[in-house]
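*Asks:* Quick one: the structure is below, and I'll ask about it shortly.
The values are calculated or read from the model by the stated rules, or taken from the named source; none is laboratory data. All values derive from a computational prediction rather than experimental measurement. Heads up, the Cβs are rebuilt from the backbone with ideal geometry, glycines too, and the neighbour counts pull from every protein chain shown.
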Amino acid sequence: MLRAIIAEHILFQFRSRYLDLHCATARERYELLFPSCAKFMIIIFLIIIFLIKSFVCI
């Protein structure tokens, strides 16, 4: 029973991602991706700022 539930969930995710990939425009896919990457982008931005500060010696 548990295997069937897990398999159904995986199949549903695969199907929805496949449809999103082919039905969504590039802009829609980017807008869906951005919130999940926002924290990562902030960390990268801070690292770049610190690197620039150390290079300029501020």
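*Asks:* Consider only pairs whose beta carbons are under 7 Å apart and that are at least six residues apart or on different chains; among these, list those whose first residue lies in the range 1-26 and is surrounded by 10 or more Cβ atoms within 10 Å (Cβ to Cβ) and whose second residue is among the acidic types (Asp, Glu).
*Replies:* none
*Asks:* For the range 1-54, which residues satisfy the criterion of being within 15 Å of the chain's Cα centre (by Cα) and among the basic types (Lys, Arg)?
*Replies:* Answer for the range 1-54, where residues must be within 15 Å of the chain's Cα centre (by Cα) and among the basic types (Lys, Arg): Arg17, Arg27, Arg29, Lys39.
*Asks:* Any residue in the range 29-58 that's modelled with pLDDT of 85 or more: show its pairings with residues that are surrounded by fewer than 10 Cβ atoms within 10 Å (Cβ to Cβ) at Cβ separation under 9 Å, as long as the two are six or more apart or on different chains.
*Replies:* Going by the 9 Å Cβ cut-off, the qualifying pairs are Ile52/Ile58.
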